[in-house]
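The values are calculated or read from the model by the stated rules, or taken from the named source; none is laboratory data. Note that this is a predicted model, so its numbers are computed, not measured. Every residue, glycine among them, receives a Cβ derived from its backbone with ideal geometry; neighbour counts consider all protein chains shown.
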Amino acid sequence: MNEIKIQWHPGFVAAINLELAENRDDLIYEKEYNLNTKPLEIDLLVIKKDKDVQIANEIGRMFKGHNILEYRSPEDRMDIDSFYKAGAYASLYKAYGETVDERKADDITVSLVREAKPDGLFRYFREHKVEVSNPYPGIYYVLDGVLFFTQVIVTRELNGKNHGWLKSLSDKLKKQEMEALLNRARSLSGKLERELADAVLEVSVKANREIVEELKGDEAMCQALLEIMEPEINKIVGLAKEEADQKAKKEAEETAAKLIQSQKFSFEEIHQCVPRLSIEDIQKIAAKLANA
């Protein structure tokens with residue numbers, strides 16, 4: 001079990017954005033879309049600007065105008081109650097239009113996404129004779145027993161070439177899969193694409209630390225990891241430097257205050273002892289002490 005709590009959902013939102021990149025200009029993304037009250041929250045709502053646009057990627061092939069996506073991390077269950085909960089969210093979303101029947105039922109879809117196939121859910125489908133089709137690897141259409149067009153996406157079964165971003169949201173990646181992910185992220189040039197890839201990588205790296213440790217022994221892969229994670233590394237280094245500077249300045253101010261209180265040193269002499277502070281800084285400290 002991972003010691004660090006992994007935030008899977010930001011990686012999922014980024015992965016979906018990358019998967020549907022070919023139609024990015026046609027879509028609006030609303031993550032954690034609130035349904036009237038705060039506790040009722042859709043993981044991701046994808047709205048087509050033009051409902052007649054065909055999504056190129058297989059996971060969006062059944063998309064209509066309004067598309068609700070519910071994601072379960074590898075540690076989370078997806079059972080029949082999760083299935084009905086997603087349908088209930090879609091019903092509430094339909095009911096909360098500004099006018100009666102503004103959001104048409106046949107213009108709404110539901111997608112449930114999980115890494116491993118939810119065997120209990122599919123057993124329920126079989127036992128209750130709910131028809132399910134499998135038009136693409138890892139993508140299952142639920143054909144009856146639902147109010148809205150519904151699909152279950154099993155990321156482990158998806159084609160790796162076409163769906164590398166979603167498949168990387170796993171804590172069971174193999175070394176070659178992590179290498180492929182790093183190379184895929186490294187090949188991106190656009191600022192938005194790199195930021196989205198970083199969000200996916202952050203999740204994958206945390207969830208597959210043993211594989212990452214192995215890759216550190218591969219000079220080429222280590223360099224790729226450093227290049228991809230450079231913005232995050234720079235951020236961490238910058239914060240550390242800022243904290244160190246603040247600590248050093250605080251210590252210098254404490255030293256200057258003690259020297260001022262001794263009344264044995266001029267401002268110029270104190271400045272020589274603590275050059276980090278200007279004479280003006282020392283004068284301000286003296287004024288503050290005098291008014292204390």
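When every residue of region 101-110 is checked against the conditions, at least one turns out to be more than 28 Å from Arg77 (Cβ to Cβ), among the basic types (Lys, Arg) and more than 22 Å from the chain's Cα centre (by Cα).
So that you can scan it fast, the table gives a plain yes or no per residue for (1) outside any helix (DSSP H, G or I); (2) modelled with pLDDT of 95 or more; (3) surrounded by fewer than 20 Cβ atoms within 10 Å (Cβ to Cβ); (4) in contact with a helix residue (DSSP H, G or I) (Cβ under 7 Å, 6 or more places away or on another chain):
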site: Asp76; (1), (2), (3), (4): yes, no, yes, no
site: Ser82; (1), (2), (3), (4): no, no, yes, no
site: Val110; (1), (2), (3), (4): yes, yes, no, yes
site: Gly145; (1), (2), (3), (4): yes, no, yes, no
site: Asn159; (1), (2), (3), (4): yes, no, yes, no
site: Leu169; (1), (2), (3), (4): yes, no, no, yes
site: Leu173; (1), (2), (3), (4): yes, no, no, yes
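Per this entry, Ala286 is not counted among residues that are modelled with pLDDT under 85 and over 30 Å from Glu19 (Cβ atoms). Among the residues making up region 126-143, those that are within 20 Å of Lys85 (Cα to Cα) and assigned to a strand (DSSP E or B) are Val132, Ile139, Tyr140, Tyr141, Val142.
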